[in-house]
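The values are calculated or read from the model by the stated rules, or taken from the named source; none is laboratory data. Because the structure is a prediction, the values reported are computed rather than measured. A quick note on method: Cβ atoms are made from the backbone with ideal geometry, for glycine too, and the neighbour counts reach across all protein chains shown. In case anyone asks, the SASA skips ligands and DNA or RNA and just uses the protein heavy atoms, side chains included. Shrake-Rupley method; radii C 1.70, N 1.55, O 1.52, S 1.80 Å.
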6 protein chains.
Amino acid sequence: MDIKDLAAKGLKLRKALFGDAAVEQRMQAFGEFGEPLQHIINAYAYGDIWGRPGLPMSTKSLAMIAMMAAANRPAELRVHLRGALQNGCTPEEIREVLLLVALYCGIPAANEAHRAAMDVLNEEHKA
Amino acid sequence: MDIKDLAAKGLKLRKALFGDAAVEQRMQAFGEFGEPLQHIINAYAYGDIWGRPGLPMSTKSLAMIAMMAAANRPAELRVHLRGALQNGCTPEEIREVLLLVALYCGIPAANEAHRAAMDVLNEEHKA
Amino acid sequence: MDIKDLAAKGLKLRKALFGDAAVEQRMQAFGEFGEPLQHIINAYAYGDIWGRPGLPMSTKSLAMIAMMAAANRPAELRVHLRGALQNGCTPEEIREVLLLVALYCGIPAANEAHRAAMDVLNEEHKA
Amino acid sequence: MDIKDLAAKGLKLRKALFGDAAVEQRMQAFGEFGEPLQHIINAYAYGDIWGRPGLPMSTKSLAMIAMMAAANRPAELRVHLRGALQNGCTPEEIREVLLLVALYCGIPAANEAHRAAMDVLNEEHKA
Amino acid sequence: MDIKDLAAKGLKLRKALFGDAAVEQRMQAFGEFGEPLQHIINAYAYGDIWGRPGLPMSTKSLAMIAMMAAANRPAELRVHLRGALQNGCTPEEIREVLLLVALYCGIPAANEAHRAAMDVLNEEHKA
Amino acid sequence: MDIKDLAAKGLKLRKALFGDAAVEQRMQAFGEFGEPLQHIINAYAYGDIWGRPGLPMSTKSLAMIAMMAAANRPAELRVHLRGALQNGCTPEEIREVLLLVALYCGIPAANEAHRAAMDVLNEEHKA
């Protein structure tokens, strides 16, 4: 497959997950300076890895939430909390992951992740 | 529920997941000094959080793998890779999580996690 | 001891440390979604670990400050800076810990922790 | 060399890198409480380490950017992005480092670092 | 460009940097299970990012050393220390980066990185 | 004070804490390559920060243990566990800090720190 096709395939999946407007806003936020990073995200992350079969999208989303809470990356956590709801995860399923975070990454990581989850659930009228 | 019953309930689940011998070995490794930590693990981690319904055990295991790879904790990652196989996760499902680790936590985190996974799959004759 | 009593004992200690209003505000911030995490904090963190004898509360507070600065958790650091002052730590004692942070976790960790400390000392009129 | 002279030498270099006003504002931000940390920064970081020959200042700046992005320290990253421009690094050179961050520390670290870089490039009219 | 060509281009650069034998050993270490990760490394890391012009290879190596020391990844640090020597960095240049690590990521990170550097310098008869 | 005197003062304190043989072994481990880092440790860490009054040495040791467990630095943790015993901390006091680590940095951090503590207590015949 040509790399351009991989990037186009990834961009389509990314927009299906997060909405056209949100993705376009993020792609333009860093202008020309940010183009190579957007290529990494579209082609390699979404075109390749997210596009692979082998795990339901909802399970991938829950793994992403675990990973971003552990890695102390609250901005990216919010993105993937939105993706999780779009992929059909329920607030209760998300919470079970965050309770594992509390025990295995510590209470501060779980507090930060609950804050992010409440914000996203409120935005999406699911709180 | 009395706290002692919570700890007993958790210990039972922990042994079902990792085997009696492995759990007893770990509980004795730190002697009397380690008793309060073993209580935290048995009562709070397994008796409470792992014992909650709301997510299949296999999904919890995949979230744990994501979390331990992100948090740079290879010894604990090995424990939960074994738990994941016991909970019915396939090597392919585990790998999909590790590929998300590569993109979202970086190649060194994925390399370390692949090393742990190969060791555990070899031990369990699933490589 | 019944788990409910452990949670009640912990909540009482937590309120003594941080004040009734602050604790109640935090307990309600994440609503029903946050109840299991609040249970972890009240029963396991305060009812069990903080309630153990063996170290003065002021020494526990200084260890918490060291830990939260090292773990890059500035929101939780602010909570435990307030707890440290309540537990009788002086600004000078807190600073000695932050200077160890500078050498052993790096200047950026110490800068972030000094910012948090200045905010809390100003709030509490101790700067 | 007397330690006071080392601190004075470092402060001079620090001001040359970041400007008198910015350095004085940062030195006063934490008042008397912050004096020992400012001494560490002036004498040990700038007087000793930054003042050593052996690497061009621009290469040191690029290493600092890599380090601060990896260590999840966006406030300090902004400081050293400004220093990098002052030391003659181009936006393109900075970006090459941030693309290594994407692959080796993960996309969220690179996103955060791009956000910091865009802010600093806009401030300095180099975007 | 087709993705296969990107992977082939990257593999060639990777072998030039680390030697045929070392790369082939690493590519086979994780067997079939590890093939998608090796593809990420060959195509995306080496084929794309390392293959970009814009920074000398030696500067990229020094940035990688800073990043891996900050991220607490000593195994990967060793790989890139070898790459740095291959790319023409001197032991003195590497040390200057590690001294920045001491001040900005803390003494333990610098100790760990010095241990890795001594091992690699001894292996390469450059200590 | 001259910097050489600061380094000599620090080296004396460091040897009092860890023993002449252990310190000399560590100072020689990285040869000439490691001299600037040893200067940082002797002059800035021990000569300045550890030499400051304001906190008992035993409290500094407990803060160091909290910090090194949180920062995932088990080799340095072992050094400061030995220092803590030398500074008069009891195994029980050390354990109270490690139980805070369990709740606030997660079970894997506490497991790793217990392993280090058991090793050091056994070495020192205090287990």
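So the values come out like this:
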{"read-out": "Debye, to nearest 20: dipole size of the range A:1-68, +1 on Lys, Arg Cβ, -1 on Asp, Glu Cβ", "value": "280"}
{"read-out": "Ellipticity estimate at 222 nm from DSSP helix runs (n ≥ 4, -39,500 (n - 2.57)) divided over chain C, nearest 500", "value": "-22500 deg cm²/dmol"}
{"read-out": "Between the range D:99-121 and the range B:1-80, the alpha-carbon center distance in angstrom", "value": "36"}
{"read-out": "Accessible area in the full protein assembly, largest first, 1.4 Å probe, for F:Thr90, A:Thr59", "value": "F:Thr90, A:Thr59"}
{"read-out": "Surface share of carbon and sulfur [accessible, 1.4 angstrom probe, percent] for chain E", "value": "51"}
{"read-out": "Point-to-point label distance, B:Met57-D:Glu35, nm (Cα→Cβ direction, 7 Å offset)", "value": "6.2"}
{"read-out": "Solvent exposure, largest accessible area first (probe 1.4 Å, DNA, RNA and ligands not counted), of E:Asp20, C:Asp119", "value": "E:Asp20, C:Asp119"}
{"read-out": "Debye, to nearest 20: dipole size of the protein assembly as shown, +1 on Lys, Arg Cβ, -1 on Asp, Glu Cβ", "value": "0"}
{"read-out": "Delta accessible area of at least 50 Å² on complex formation, residues of the range B:32-59, 1.4 Å probe, chain isolated as reference", "value": "B:Phe33, B:Pro36, B:Leu37, B:Ile40, B:Tyr44, B:Ile49, B:Arg52, B:Leu55"}
{"read-out": "Gyration tensor verdict on the range F:1-43 (Cα atoms; rounded if a/c is under 1.5, prolate if a/b is larger than b/c, oblate otherwise)", "value": "oblate"}
{"read-out": "Taking only Cα atoms of the protein assembly as shown, radius of gyration then Dmax in Å", "value": "25.0, 67"}
{"read-out": "Gyration tensor (alpha-carbon) shape descriptor, the range D:47-93, a/c threshold 1.5", "value": "oblate"}
{"read-out": "F:Ser58 accessible area, 1.4 Å probe, all protein chains in place, Å² to nearest 10", "value": "40"}
{"read-out": "Å² per residue, accessible surface of the range E:65-107 at 1.4 Å", "value": "22"}
{"read-out": "Environment charge of D:Glu123, counting only residues whose C-beta is closer than 12 Å and scoring Lys/Arg +1, Asp/Glu -1", "value": "+1"}
{"read-out": "About the Cα centre, charge dipole magnitude for chain B (Lys/Arg +1, Asp/Glu -1 at Cβ), debye", "value": "140"}
{"read-out": "Length-normalised contact order for chain B - Cα pairs under 8 Å, 6+ apart - percent", "value": "23"}
{"read-out": "Relative compactness, chain D, computed as alpha-carbon Rg over 2.2 N^0.38 Å", "value": "1.09"}
{"read-out": "Label-point separation, E:Glu24 to F:Asp119 (7 Å along Cα→Cβ), nm", "value": "3.7"}
{"read-out": "Buried area at the A-D interface (accessible, heavy atoms, 1.4 Å probe, summed, Å²)", "value": "1500"}
{"read-out": "Qualifying aspartates and glutamates (Cα of each under 12 Å from Cα of C:Lys126; at least 8 residues distant if same chain)", "value": "C:Glu92"}
